Amino acid sequence: MTRTAVAARTPAGAQEWIVHSSEAEPWTIRAVGPDGRSFEAAGADLFLALQEVRRQAERKDVLLCCNGARVNARPSPQASAFGGGMVYLLPSLRNPGPEDLVPLLAPAPADQVGRVAEQEAFWSAYQSSTRSSLRALSPVAPLARLVSRTRRSPAWVAEERDGVTVWRRAARG
């Protein structure tokens, strides 16, 4: 299990939660708050497990602030086949590219995350848009470009702090 620090919006204000995610099948996610509350789920990939954890958390007015909770986040079919640990942030006016591929549990601004229902509504609208055939997620080439680019200048860096993974943006330059 990987432990990742994830910010959350709660009725008590901003909090840091620890999210435990499996590294292989069965894909599971468990989010634990500083007060000991926890939400746990399994899914066909980590993205779907995270969606179920988020549904449980939403019933308690807890919103996890990670990339997988962004309204426009979705894994490609290939990313899903490999566990769904990476998601595309679907752009509105162009095909998604390697710059849109981000770690599922890396931090996201609180104003860019939403409820699962909002995320599903966005995905439905995205798929049914008149340009949906142009926007089909074709992960092979972008993923290959991302891997080669990441070796040069990664957009995200994972750091281990006391056994917990903390994601941060890499410095440009």
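The values are calculated or read from the model by the stated rules, or taken from the named source; none is laboratory data. A quick note: this is a predicted structure, and the numbers were derived from the prediction, not measured. With ideal geometry, Cβ positions are generated from the backbone for all residues, glycine too; neighbour counts draw on all protein chains shown. Surface accessibility is based on the protein's heavy atoms, side chains included, excluding ligands, DNA and RNA. Shrake-Rupley method; radii C 1.70, N 1.55, O 1.52, S 1.80 Å.
Points to keep in mind about this one:
- Per residue accessible area in Å² of the stretch 1-88, where ligands, DNA and RNA are left out and the probe is 1.4 Å: 43 Å²
- Protection-proxy order for peptides 81-92, 29-40, 156-167, 60-71, each taking the mean of Cβ atoms within 10 Å per residue, highest first: 60-71, 81-92, 29-40, 156-167
- Equivalent ellipsoid semi-axes - Cα gyration tensor, the stretch 1-41, angstrom: 21, 9, 7
- A simple rule links phi to the HN-Hα coupling: the Karplus curve 6.51 cos²θ - 1.76 cosθ + 1.60 with θ = phi - 60°, which for the stretch 8-19 gives 9, 9, 9, x, 7, x, 6, 9, 9, 10, 9, 10 Hz, with x for Gly and Pro.
- For the stretch 1-118, the fraction of 1.4 Å probe accessible surface lying on carbon and sulfur atoms is 52 percent.
- Sequence-distant contacts, meaning Cα pairs under 8 Å at least 6 residues apart, place the relative contact order of the stretch 66-118 at 47 percent.
- Accessible area of Glu16 in the full protein assembly, 1.4 Å probe (Å², nearest 10): 120 Å²
- Direction-averaged projected area, Cα convex hull, the stretch 1-130: 7.6 nm², rounded to one decimal.
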